[in-house]
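Here's the structure we're looking at; comments come further down.
The values are calculated or read from the model by the stated rules, or taken from the named source; none is laboratory data. Remember, it's a predicted structure, so these values are computed and weren't measured experimentally. Counting neighbours? That spans all protein chains shown, and the Cβs are built from the backbone with ideal geometry, glycine included. Each accessible area value is taken on the protein alone, full model and side chains, heavy atoms only, with ligands, DNA and RNA left out. Shrake-Rupley method; radii C 1.70, N 1.55, O 1.52, S 1.80 Å.
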Amino acid sequence: MLSTKKLSVSQMNLLLNAGISVIDYNAISIEFLDFAIPEGAKNAIFTSQNSVRAMLAKNLLDKAKDSPFQSIFCVGEKTKRLLEEHNQKVSFFAQNGSELANFIVNNDKNKLFHYFCGTRRRDELPEILKNENIELFEVKSYKTELNPIKFDQLFNGILFFSPSGVESFCLHNSMGNSMAFCIGETTASEAKKHTHNIKIANAATVESVIAKAVKILKEND
């Protein structure tokens, strides 16, 4: 088994205790950029925990102060939880960018939005909003770097946690017959460019990806 993200001791043990050996590495790295909240930004969109962490690193979100935004929209339960841990009230969260964009189109299309995102952000959300003439301003808050590594062995399963992780792995490797275990639909969409042998986790967490892999690999023993 290969994990394209370094696992914690407890996460690693979920695999080892199931009799599955694993190699883990970080297929991508994140660098926070120098940015500020634009004046007049009232409605914020976050599609990644990384953009929230970038704001926290610059002290732009403060538990002791009121939120700088009137409304916050985000993708993913962990992104929502991270915002709420820092006293930020989330107006709506979705499982992926397309779902969030469609919610905005149907409920808040007269608002102006600021999208705090990475340099390699997905196209679905901004394209849907712009096609509906919804004003969207992007604020690049972090940079994703690929860390491609060539592996000389085959893996029965590969754990993927982001589209960029898939892209990084496939730069120097072929999926072959490996099962791709993906954290969500967006990551799976990238994996489908390289294989049809894909399983999607029941929830968007590292532990759920691991649980799916253990279940499927044990069934196929």
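Brief remarks on what is shown
- Restricting attention to segment 168-193, the residues being of a type in the set (Ser, Thr, Tyr) and surrounded by fewer than 19 Cβ atoms within 10 Å (Cβ to Cβ) number 2.
- When residues of segment 141-163 are limited to those that are among the small types (Gly, Ala, Ser) and under 24 Å from residue 34 (Cα atoms), the one modelled with the lowest pLDDT: 162
Conditions (1) in contact (Cβ under 8 Å) with a residue 24 or more places away in the chain; (2) within 22 Å of residue 166 (Cβ to Cβ); (3) touching a Leu at 6+ places or on another chain (Cβ under 7 Å), marked per residue:
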{"residue": "84", "(1), (2), (3)": "no, no, no"}
{"residue": "103", "(1), (2), (3)": "yes, no, no"}
{"residue": "118", "(1), (2), (3)": "yes, yes, no"}
{"residue": "121", "(1), (2), (3)": "yes, yes, no"}
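- Identity of the residue in segment 114-167, open to solvent by 70 Å² or more (accessible area, probe 1.4 Å) and basic (Lys, Arg), that ends up farthest from the chain's Cα centre (by Cα): 150
- Within segment 198-221, considering residues that are surrounded by 14 or more Cβ atoms within 10 Å (Cβ to Cβ) and of a type in the set (S, T, N, Q), the one modelled with the lowest pLDDT: 205
- Candidates 48, 67, 71, 3: the one that is open to solvent by less than 50 Å² (accessible area, probe 1.4 Å), touching a Gly at 6+ places or on another chain (Cβ under 8 Å) and at negative phi is 48.
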